[in-house]
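Novice: Here it is, the structure in full.
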Amino acid sequence: MKFDSNALEHGAVSFFGCYAFDRRSQGISPRRLPDWTRPQLPQATDVMVRMPSGVRMAFTTDAETIALTVQTTRMLTPPAAPAAVVFDLQVNGAAAISYSSMAGNTLVVDPLDRQQYSLQRGDAYTVEFTQLGTELKHCELWLPHNAFVEIRQLEALGASEFNAVTAAQSKRWLHYGSSISHCMEALQPSAIWPAVTAQLAGLQLRNLGLAGQCHLDPFVARTIRDTDCELISIKTGINIINMDSMRERVFIPALYGFLDTIREGRHLNTPLLLVSPIYCPSAEQHPGPTIANDEGKFVTLSGHSQVQTGCLTLRRVREIMAEVVATRRDAGDVNLHYIDGLSLFSAADSGDLPDDLHPNPLGYKRMGQRFAATLSAMELPGIEIPAINRAD
């Protein structure tokens, strides 16, 4: 059985984690925000929306081999080494089978001016998962978290049956965050920390982790408001410091307004978790912006103290977020909860923070385990999560 991109878009498989597609002459590319947001997106946000972190294709089949023809485009910022583009196939919920490739296009970013880049073209290729057996099985094919993906064709070799998954049984979890939720540093797409949490907790993930772009944008709040789900989490603060995009005067009402928008409609009582930033040594007590130094470490810029009134540090961001949650709970929003990001990744974990901003793969795995354990210890109406031990 063969399915072209048009058939895939219109129901041959189920896509989880995306809202829309870019349609190209030879294929489709998933997008993680709805079509109506396109005119409002800053260019840098649009770039991250087109990277399908957490997006997967779900289907049942008795095929012995699944072959997906794609063109991918990965980003490379020298002097970093190129990272492989990885696809994961989970069969009946078992550990993922990975297909890793260095093929496709490469977008080389100028490290001195990250708005400038050059494109190194490569060939399209076919991702193959073989020896899957002839029994009917549930498959989830996780798309790369660190590259643009154009899907051209799916072939199910040896299949007599192939069906989209019409409905998922697990509770739907929507998570919004920064690069630390996008997780480009993870080794494979099913190992981003929100995916680790979702698999441990039995949740169906929709990941709105947008690297560098978590600034409480109104179009994201409206998207969350209008999305059917049973659990929402918002992990914000670090990008606001990274870019110095808000001071305290703006951050507080922006945070209130973001939460107000989500609570306007169907999510009046949906469990909503507000998660503060994880540990970042240079920004704990010093305001942003942050830049990468010659060693690849992210550091805050010093000086100009006379104009830094109201600038945010991570310690102050955590205080504000805790205060906002306490105020809203006192006003009756008892399904709003605060989670301290340091409970997920603290100074004690800094050995797994190679650039002093982003965790490494082991750090992400531990974050996912800890967040799952946190969820299992909470009383969240309508959501049952098995007991999960905390990873320390």
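Novice: Within segment 89-102, which residues are part of a loop (DSSP other than H, G, I, E, B) and small (Gly, Ala, Ser)?
Specialist: Those that are part of a loop (DSSP other than H, G, I, E, B) and small (Gly, Ala, Ser): Gly93, Ala94, Ala95, Ala96.
Novice: A further question on this structure: If you go through segment 328-355, how many residues are in a helix (DSSP H, G or I) and out of contact with any helix residue (DSSP H, G or I) (no Cβ under 9 Å at 6 or more places or on another chain)?
Specialist: Total meeting the criteria: 3.
Novice: Within segment 142-157, can one find any residue that is surrounded by fewer than 16 Cβ atoms within 10 Å (Cβ to Cβ) and either over 30 Å from Asp352 (Cα atoms) or under 22 Å from the mean Cα position of the chain (by Cα) (or both)?
Specialist: Yes; the residues of segment 142-157 include at least one that is surrounded by fewer than 16 Cβ atoms within 10 Å (Cβ to Cβ) and either over 30 Å from Asp352 (Cα atoms) or under 22 Å from the mean Cα position of the chain (by Cα) (or both).
Novice: Continuing with this model, one more query. Among residues belonging to segment 153-165 that are in contact with a strand residue (DSSP E or B) (Cβ under 7 Å, 6 or more places away or on another chain) and assigned to a loop (DSSP other than H, G, I, E, B), point out the one that is farthest from Gly11 (Cα to Cα).
Specialist: Within segment 153-165, the match that is farthest from Gly11 (Cα to Cα) is Gly158.
Novice: Can you say whether Val91 is within 20 Å of Ala198 (Cα to Cα) and in contact with a Cys (Cβ under 9 Å, 6 or more places away or on another chain), as far as the supplied structure shows?
Specialist: Taking the combined requirement at face value, the residue satisfies it.
Novice: Filter segment 78-116 for residues that are of a type outside the set (A, V, I, L, M, F, W, C) and surrounded by 16 or more Cβ atoms within 10 Å (Cβ to Cβ) and give the result.
Specialist: Selection gives Asp88, Gln90, Ser98, Tyr99, Ser101, Gly104, Asn105, Thr106.
Novice: Residues Ala254, Ala164, Ala168: which one is at pLDDT below 95, surrounded by fewer than 22 Cβ atoms within 10 Å (Cβ to Cβ), over 14 Å from the mean Cα position of the chain (by Cα) and more than 30 Å from Met102 (Cβ to Cβ)?
Specialist: Ala168
Novice: Pick from Thr60, Thr45: which is assigned to a strand (DSSP E or B) and not acidic (Asp, Glu)?
Specialist: That would be Thr60, the only listed residue that is assigned to a strand (DSSP E or B) and not acidic (Asp, Glu).
Novice: Hey, another quick one. Quick one: how many residues across segment 261-285 are under 28 Å from Val220 (Cα atoms) and part of a loop (DSSP other than H, G, I, E, B)?
Specialist: Summing the residues that are under 28 Å from Val220 (Cα atoms) and part of a loop (DSSP other than H, G, I, E, B) in segment 261-285 gives 15.
Novice: State which residue is farthest from the chain's Cα centre (by Cα) when the search covers only segment 1-31 and only residues that are surrounded by 21 or more Cβ atoms within 10 Å (Cβ to Cβ) and among the hydroxyl-bearing types (Ser, Thr, Tyr).
Specialist: Ser5
Novice: Additional query: Among the residues of segment 10-27, is any touching a residue at least 40 places away in the same chain (Cβ under 8 Å), basic (Lys, Arg) and within 24 Å of Val196 (Cα to Cα)?
Specialist: Checked segment 10-27: no residue is touching a residue at least 40 places away in the same chain (Cβ under 8 Å), basic (Lys, Arg) and within 24 Å of Val196 (Cα to Cα).
Novice: Please enumerate the residues belonging to segment 343-378 that are closer than 19 Å to His182 by Cα, among the aliphatic types (A, V, I, L, M) and in contact with a Leu (Cβ under 9 Å, 6 or more places away or on another chain).
Specialist: Within segment 343-378, Met367, Ala372 meet the criteria.
Novice: Tell me which of these Val324 doesn't satisfy, since it passes every other one: (1) of a type in the set (Val, Ile, Thr); (2) under 25 Å from Leu272 (Cβ atoms); (3) assigned to a loop (DSSP other than H, G, I, E, B).
Specialist: (3)
Novice: Let me ask something else. I'm trying to understand the selection: among the residues of segment 1-30, which are part of a strand (DSSP E or B), among the hydroxyl-bearing types (Ser, Thr, Tyr) and more than 16 Å from Met51 (Cβ to Cβ)?
Specialist: Of everything in segment 1-30, just one residue is part of a strand (DSSP E or B), among the hydroxyl-bearing types (Ser, Thr, Tyr) and more than 16 Å from Met51 (Cβ to Cβ), namely Ser14.
Novice: Which one of Asp356, Asp340 is surrounded by fewer than 19 Cβ atoms within 10 Å (Cβ to Cβ), modelled with pLDDT of 90 or more and within 23 Å of the chain's Cα centre (by Cα)?
Specialist: Asp340
Novice: Among the residues of segment 103-152, count how many are under 27 Å from Ala292 (Cβ atoms), not acidic (Asp, Glu) and not in a strand (DSSP E or B).
Specialist: The number of residues fulfilling the criteria is 10.
Novice: Another question, then. Out of all the residues in segment 228-249, is one or more outside any helix (DSSP H, G or I), modelled with pLDDT of 95 or more and exposed (fewer than 14 other Cβ atoms within 10 Å of the Cβ)?
Specialist: yes
The values are calculated or read from the model by the stated rules, or taken from the named source; none is laboratory data. Bear in mind the structure is a predicted one, so any value in this text is a computation, not a measurement. Note: ideal-geometry Cβ built from the backbone for every residue, glycine included; neighbour counts use all protein chains shown.
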